[in-house]
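The values are calculated or read from the model by the stated rules, or taken from the named source; none is laboratory data. Bear in mind that the values here come from a model prediction, so they are computed numbers and not experimental data. Note that each Cβ is placed from the backbone with ideal geometry, even for glycine, and that neighbours are counted across all protein chains shown. What goes into the accessible areas is simple: the full protein's heavy atoms, side chains included, and nothing from ligands, DNA or RNA. Shrake-Rupley method; radii C 1.70, N 1.55, O 1.52, S 1.80 Å.
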Amino acid sequence: MPLQSLDNVFSEAEVLDFCHKTADTLNHMPQFVVEKKIDGLSVAITYENGLMTVGATRGDGVTGEEVTANLKTVKSIPLKLKRPIDKIVVRGEVYMPKESFVKLNQRQEESGGQLFANPRNAAAGSLRQLDPKLAASRGLDIFMFNMQEIEGEEVISHSQSLELMKELGFKVSPGYEICHTPEEVWQAVCRIGETRKDLSYDIDGAVIKIDSFAQRTELGSTAKFPKWAEAY
């Protein structure tokens, strides 16, 4: 499954329009999941028989840069799942907590190094370090937000996949909400906006997704974006 980017919307009217358009296509109002849009670097990690085998950046959505050794230094990424699954590919956002970012720039300043402009750039630069020990010293973290592929287990919805990933030992999208109407979706987006300043990590919006995998297949994708998700 390609690691696609998301189409963006910028107003309440566009969020509600997205909900109504998907309902029109499906002939009924679907269930939605609303999540924080973590401001970091997107990666995909593959596990076979419960063991982490390879991790890569999103790249162009089809081919990424292999960063397995550096991802293994992120403490919240399990090297072994809590129970074995034939194969699972999970997608997550590697980020640098605000506290780690401040400490990193303090160290950079003391050593005469170049300061990073923001936590996202710092996370991306850290993940691409040639030396895993240097990556390990940067205090990176991750939230998983998608299950790209699974073998040996049936999963029919995004919310179910998030619960399964939690059960397997992953940190998943924090505080996601299941919504049943366009109005509930917008209220969930607003709540994310209200909590933004209190978070220990950066977000750059909210993501609205159709929950059902069957409905996602029905809605399909454009060449660039899935039609079953949008970023506000």
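Okay, here's what the table says:
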item	result
Selection count where residues are out of contact with any Lys or Arg (no Cβ under 7 Å at 6 or more places or on another chain), β-branched (Val, Ile, Thr) and open to solvent by less than 10 Å² (accessible area, probe 1.4 Å), scope region 10-42	3
Candidate set from region 116-149 (those that are among the basic types (Lys, Arg) and open to solvent by 80 Å² or more (accessible area, probe 1.4 Å)); member that is nearest to the chain's Cα centre (by Cα)	Arg120
Every residue from region 101-115 that is open to solvent by 30 Å² or more (accessible area, probe 1.4 Å) and closer than 21 Å to Ser76 by Cβ	Phe101, Val102, Lys103
All strands (runs of 3 or more DSSP E) inside region 165-232 with 2 or more residues being of a type in the set (A, V, I, L, M) and either under 20 Å from Gly40 (Cβ atoms) or open to solvent by 50 Å² or more (accessible area, probe 1.4 Å) (or both)	203-210, 229-231
Meets criteria (touching an Asp or Glu at 6+ places or on another chain (Cβ under 8 Å), open to solvent by 10 Å² or more (accessible area, probe 1.4 Å) and either touching a residue at least 40 places away in the same chain (Cβ under 8 Å) or part of a strand (DSSP E or B) (or both)) for Met1	yes
Every residue from region 45-64 that is in contact (Cβ under 8 Å) with a residue 24 or more places away in the chain and either on the phi > 0 side of the Ramachandran plot or over 14 Å from the mean Cα position of the chain (by Cα) (or both)	Thr46, Tyr47, Glu48, Asn49, Gly50, Leu51, Met52, Gly59, Gly61, Val62, Gly64
Some residue of region 150-166 being under 23 Å from Gly205 (Cα atoms), in contact with a Leu (Cβ under 9 Å, 6 or more places away or on another chain) and not hydroxyl-bearing (Ser, Thr, Tyr)	no
Of residues in region 45-83 being of a type in the set (Gly, Ala, Ser) and open to solvent by less than 20 Å² (accessible area, probe 1.4 Å), the one farthest from Glu153 (Cα to Cα)	Gly61
Selected residue (only one of Ser42, Ser100 is among the hydroxyl-bearing types (Ser, Thr, Tyr), under 20 Å from the mean Cα position of the chain (by Cα), within 17 Å of Leu127 (Cα to Cα) and assigned to a helix (DSSP H, G or I))	Ser100
